[in-house]
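> Here it is, the structure, as structure tokens.
Throughout, read-outs are computed from the coordinates displayed, never taken from laboratory work. None of the values given here were measured: they were computed from a predicted structure. All Cβ positions, even for glycine, are placed from backbone atoms using ideal geometry, and neighbour counts span all protein chains on display.
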């Protein structure tokens, strides 16, 4: 699994926007990725120093269409904290 397979996309929400000022960034990641792999992928892709990685599994919601019921897809979310002396991730600079 390459680094670009581990990091799927950024999560852009009100809560993630508030954390950008504290150098905390939220990403949707591969379900099979662990914290060490996520840290290495972020450091190599964005050329930054990662202090810590927190992960959580986001389960799918139940949705109905008439009498039929199913689940939306779940995913794994990673919140990455950069070190104080690290540069910011340029993609998020225009958002804050």
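> Could you work out how far apart the two model spin labels at residue 55 and residue 43 are, taking each label as a point 7 Å from the Cα in the direction of the beta carbon, and quote it in nm?
So the two model labels end up 1.6 nm from each other.
> Using every alpha carbon pair in segment 1-50, what percent of pairs falls into each 10 Å bin from 0 up to the bin containing the largest distance?
Distribution as computed: 25, 54, 21, 0 percent.
> Still on this structure, please answer the following. Which of 71, 82, 12 moves most in a GNM of the chain, Cα contacts under 10 Å?
With Cα springs under 10 Å in the chain, the top fluctuation among 71, 82, 12 is at 71.
> For the chain, state the semi-axes of the equivalent ellipsoid (square roots of 5 times the eigenvalues of the alpha-carbon gyration tensor), sorted largest first and rounded to whole angstrom.
Working: eigenvalues 156, 51, 21 Å².
Semi-axis lengths for the chain are 28, 16, 10 Å.
> Something else: On C-alpha positions alone, give me the angle between the axis of helix 35-46 and the longest principal axis of the chain, in degrees, nearest 10.
Here the helix axis deviates by roughly 60 degrees.
> For labels at residue 1 and residue 13 in the simple 7 Å Cα→Cβ model, what's the distance in nm?
Placing both labels 7 Å beyond Cα along the Cβ direction yields 2.1 nm.
> Next question. May I ask you to sort 67, 47 by Cβ crowding, counting other Cβ atoms within 10 Å and putting the fewest first? The partial results should precede the final answer.
Details: 67 5, 47 11.
Listing 67, 47 from fewest to most nearby Cβ atoms yields 67, 47.
> Let me ask another. Which one of 72, 55, 26 has the biggest mean-square fluctuation once the chain is modelled by GNM with Cα springs under 10 Å?
Among 72, 55, 26, the largest GNM mean-square fluctuation belongs to 72.
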